[in-house]
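Quick note: the coordinates plus some simple rules give every number you see, no bench work behind them. If you're wondering where the values come from, they're calculated on a predicted model, not measured in any experiment. Neighbour counts are summed over all protein chains in view; Cβ atoms, including those assigned to glycine, are modelled from backbone coordinates with ideal geometry.
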Amino acid sequence: MATTDGMPQRSESRSQRYALALDFAAKQLRHLSETCPDSFPIYTVGGKWLHGGEAWTNWCEGFLGGQLWLLYGRTGEPYWRGQAEHTSRLIEHRVKDRSVHDLGFLFWSTWKRWYDLTHDEAVNAVVVEAGQTLALRFKERGGYLRSFVADESLFIDIMMNVGIIFYAAQQTGDADLLRIATQHCLTTRRYLVRGDGSTAHEGIFDTATGEFLRQSTHQGWRGDSAWARGQAWALYGFGTAYRFTRDARFLQTAEACANFYIERTPAHGVPPNDWDEPNPVLPYESSAAAIAASGMLSLAKLTGDPARAILYRDYAVRILDTLTSPEFLAVETPGWEGILKHGMYHQRKGLGVDESVMWGDYFFLEALSKALGSESANQRISE
Ligand code: GLY
């Protein structure tokens, strides 16, 4: 059966399913905002958001506000605008935070969305300052932005944050910011991305000489294994680096990372925490899948190859079809406070294991919004 515009009926029901998932997300977020205002939980325990629990590092405080901005962008409802502005203002002081490598996570999801929706230059100034602060982590010896752990440490996760330095460089015309961001991406590409497109979580350098010493991990199985969330950060982050620079090396790397994800993941699109872990304790790391879906929707627009554009877009839709099923979407799980189930934060530390995680919910909403938005831009999601 076809709709009036000739598209198959199932395509219509997919859009409806994604819209219903966003409606469910709104319900969960309204509950969280009203029952625990001004709280920034990172993961659930038994489906209930843990307030004031162990964080390991403070990198997630933008993802709640980011979801509120996404809901405002989708609905235009003043309620979401008020919640989003309030929640974003609560993290404004973090613009000077030199203790974490996550200022992109914090400010791109919140203040940058705010700026995009309002064009308020005072808001943009905060985004630019966040990029300038992040750039202060650059280690000239080694050529990378250091992780929160130590001077010697480079994380793959920083690929998701370096975009805000490219943005600050673009806004200010500061050539040194562009140099720092570009060098960080080249160093990450050289030492953390392997020949098969897989990625290492961490690189360790000799701080005296800048020599690269070894690959390592915190949240994956081992230093030479492929941690799924790191892979998702890489495919998305190198795509963003390409979007800012049009440097073909970054597109090639983003595609190699995406191709590895696709090759190694079961047909439903959700990887385990680490592809190389023998007999993984849990089959799913849903947040990696949500990040990959959003990253691939962007990559589909960035790649110049029409066949790969279809591959990435269809694969992202496949992931979203899986994540909107009741196995992952908590819509049929009474009392569950998060949106996506089966996420993983830190397996070794026992934090957020088989739970909802705030960034997983954020990137899931971002991917759904992109999928539905591209549909209205005449790029309808096909079966
Ligand atoms: N620290 C970022 C992550 O857990 O992916």
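Please compare each pair in LYS139/LYS370; LYS27/LYS112; LYS48/LYS301 to a cut-off of 29 Å on the Cα-Cα distance and tell me which ones are over it. Write out the running numbers ahead of the final one.
On the way: LYS139/LYS370 35 Å; LYS27/LYS112 24 Å; LYS48/LYS301 37 Å.
Over 29 Å Cα-Cα: LYS139/LYS370; LYS48/LYS301.
Think of it as helices only: each DSSP H run of n ≥ 4 in the chain is worth -39500 (n - 2.57), and spread over all residues that comes to -17000 deg cm²/dmol at 222 nm.
Between the amide H of HIS201 and those of SER216, TRP227, distances stay under 5 Å, these residues lying 5 or more places away or on another chain, with hydrogens modeled in the peptide plane.
Under a 5 Å amide H cut-off, with hydrogens placed 1.01 Å from N, VAL353 pairs with TYR345 among residues at least 5 apart or on other chains.
Nearest 20 debye, what's the magnitude of the dipole of the chain about its Cα centre given +1 on Lys and Arg Cβ and -1 on Asp and Glu Cβ? Intermediate results must be reported in sequence, preceding the final value.
Numbers: 38 positive and 46 negative charges, 93 e Å.
Here the size comes out at about 440 debye.
Using 0.36 nm per residue, how much length does the chain from ALA122 to ARG89 gain when fully extended, once their Cα-Cα distance is taken away?
Numbers: separation 33, 0.36 × 33 = 11.88 nm, distance 1.24 nm.
In short, 10.6 nm is gained.
Taking a ≥ b ≥ c as the square roots of the eigenvalues of the Cα gyration tensor of the range 177-268, is the shape rounded (a/c under 1.5), prolate (a/b larger than b/c) or oblate? In terms of gyration-tensor shape, oblate. Taking 0.36 nm per residue of sequence separation and removing the Cα-Cα distance, the ALA267/THR75 pair yields an extension gain of 65.8 nm. What is the sum of charges around THR57, taking Lys and Arg as +1, Asp and Glu as -1, for the other residues whose C-beta is under 12 Å from the C-beta of THR57? Result for the neighbourhood of THR57: -4.
For the chain, the relative contact order is 16 percent, taking Cα pairs closer than 8 Å that sit 6 or more residues apart in sequence and dividing their mean separation by the residue count. Here the contact order of the range 209-361, divided by its residue count and restricted to Cα pairs under 8 Å and six or more residues apart, works out to 21 percent. Positive contributions from Lys and Arg (+1) and negative ones from Asp and Glu (-1), summed over other residues with Cβ under 10 Å from the Cβ of LYS301, come out at +3.
Placing pseudo-labels 7 Å out from each Cα toward the beta carbon at ARG194 and SER13 gives an inter-label distance of 4.2 nm. Ranking PRO271, PHE250, ALA228 by Cα position along the charge dipole of the range 222-294, where only Lys, Arg, Asp and Glu carry charges on their C-beta atoms, puts PHE250 farthest toward the positive end. Inter-part distance, the range 47-74 to the range 174-224, computed on C-alpha centroids, equals 27 Å. Taking label points 7 Å from Cα along the Cα-to-Cβ direction, ASP23 and ASP38 give a separation of 3.4 nm. Under 5 Å from the amide H of LYS48 lie the amide H atoms of GLU337, each residue being 5 or more positions distant or on a separate chain, with H modelled from the backbone and absent for Pro and chain starts.
If contacts are Cα pairs under 8 angstrom and at least 6 residues apart, what is the relative contact order of the range 133-227 in percent? Working shown, then result.
Values: 159 pairs, mean separation 25.7, N = 95.
Contact order relative to length: 27 percent.
Determine the sum of side-chain charges near TYR312: Lys and Arg each +1, Asp and Glu each -1, restricted to other residues whose C-beta is under 11 angstrom from that of TYR312. Around TYR312, the charge tally is +1. Taking the Cα centre of the chain as the origin and placing charges on Cβ (Lys, Arg +1; Asp, Glu -1), which of HIS201, PRO326, LEU177 is farthest toward the positive end of the dipole? So the residue we want is LEU177. Within the chain, the whole DSSP H helices whose Cα atoms reach 15 Å or more along their own axis and whose mean Kyte-Doolittle score is at least 0.0 are 63-75, 121-135, 286-302, 306-323, 358-376.
The value given for the chain is a Kirkwood hydrodynamic radius of 20.8 Å, derived from the mean inverse Cα-Cα separation.
Pick out, in residue order, every one of the trypsin sites (Lys or Arg not before Pro) in the range 292-356 that is DSSP loop and has at most 16 other C-beta atoms within 10 Å; say none if there are none. Of the trypsin sites (Lys or Arg not before Pro), the ones in loops of the range 292-356 whose Cβ has at most 16 other Cβ atoms within 10 Å are ARG348, LYS349. Fewest-first ordering of ASP97, ASP224, ASP305 by other beta carbons within 10 Å of each residue's beta carbon gives ASP305, ASP224, ASP97.
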